[in-house]
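A short write-up of the structure that comes next.
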2 protein chains.
Amino acid sequence: MGYYERHVFFCCNQRSPDDPRGCCNAKGATRVRDYAKDKVKKLGLAGKGKVRINQSGCLDRCEEGPVVVVYPEGVWYTYVDEQDVDEIIQEHLVNGRIVERLRI
Amino acid sequence: MGYYERHVFFCCNQRSPDDPRGCCNAKGATRVRDYAKDKVKKLGLAGKGKVRINQSGCLDRCEEGPVVVVYPEGVWYTYVDEQDVDEIIQEHLVNGRIVERLRI
């Protein structure tokens with residue numbers, strides 16, 4: 001097993017508001033990433049050998065954003081809000097089942 | 001294969017200078033990450049199905065930093081300078097061989 005069992009990266013890139021590409025952070029990425037980090041910690045899932053939640057720079061899937069990627073599987077999701085992230089945490093991080101409805 | 005063949009995250013966390021834990025960014029992380037991103041692009045390795053270089057928040061291996069992790073393998077490295085990163089790019093990203101001397 002790797003240093004983290006699952007390493008989760010939320011794209012939190014912020015672009016200029018008039019940039020036509022948009023960006024994950026304009027769609028709530030930092031807020032939802034903070035929520036995920038807190039939730040994983042409260043569930044006792046955080047730490048070495050377990051789960052790490054990180055922010056990252058632009059993951060370059062802007063049109064599909066906001067996006068998050070879970071390694072080592074390399075499974076990508078989009079999400080609308082905290083409820084979607086709750087489902088990713090419970091299903092993927094706890095139960096090891098990919099959430100197909102959010103997968104991109 | 002995943003969206004990226006290899007996805008590389010450089011911890012670029014910056015802490016207060018008087019924080020005893022230190023941080024990767026105080027050891028040149030952003031500069032070296034910028035170098036890696038540019039080099040990978042120049043080598044024609046960047047893009048979907050190939051390599052993505054990203055910055056990330058704190059990866060929580062501060063004492064061993066500066067650190068970088070390569071997924072999906074989940075191989076972690078430390079580095080001193082651009083020469084070390086050249087070796088990681090050539091050996092790991094191009095040739096698929098882990099650079100044991102830099103591995104943590």
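Data overview
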quantity: Size of charge dipole - the protein assembly as shown - debye, nearest 20, with Cβ of Lys, Arg +1 and Asp, Glu -1, no other charges; calculated: 60 debye
quantity: Candidate lysines - alpha carbon under 25 Å from residue A:42, same-chain residues fewer than 8 apart omitted; calculated: A:27, A:50
quantity: Shielding score for A:71-80, defined as the mean number of other chain Cβ atoms within 10 Å; calculated: 3
quantity: Rounded to 5, the percent of DSSP beta bridges in chain B classed as antiparallel; calculated: 55 percent
quantity: Residue A:30 accessible area, 1.4 Å probe, all protein chains in place, Å² to nearest 10; calculated: 50 Å²
quantity: Other protein chain Cβ atoms within 10 Å, averaged over every residue that makes up A:44-53; calculated: 1
quantity: Partnerless Cys - chain A, beta-carbon criterion under 4.7 Å; calculated: A:12, A:23, A:58, A:62
quantity: Straight-distance crosslink candidates among aspartates and glutamates, where the alpha carbon sits under 19 Å from residue A:41 and sequence neighbours closer than 8 are dropped; calculated: A:5, A:81, A:82, A:84, A:86, A:87, A:91, B:60
quantity: Cα-centre dipole for the range A:42-99 with unit charges at Cβ (Lys and Arg positive, Asp and Glu negative), debye to 20; calculated: 500 debye
quantity: Cα centre as origin, Lys/Arg/Asp/Glu Cβ charges: chain A dipole, Debye; calculated: 460 debye
quantity: Relative packing of A:18-24, B:1-7, which averages over residues the other C-beta atoms within 10 Å, highest first; calculated: B:1-7, A:18-24
quantity: Value of [θ]222 nm, deg cm²/dmol, for chain A, DSSP H segments ≥ 4, -39500 (n - 2.57) each, nearest 500; calculated: -5500 deg cm²/dmol
quantity: Chain lengthening between residue A:81 and residue A:43 when straightened (0.36 nm per residue, less Cα-Cα); calculated: 11.8 nm
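The values are calculated or read from the model by the stated rules, or taken from the named source; none is laboratory data. For clarity, every value in this text was computed on a predicted model and none was experimentally measured. Methodologically, a virtual Cβ is constructed for each residue, glycine included, from the backbone with ideal geometry; neighbour enumeration extends over all protein chains shown. Side chains included, ligands, DNA and RNA excluded: accessible areas come from the protein's heavy atoms. Shrake-Rupley method; radii C 1.70, N 1.55, O 1.52, S 1.80 Å.
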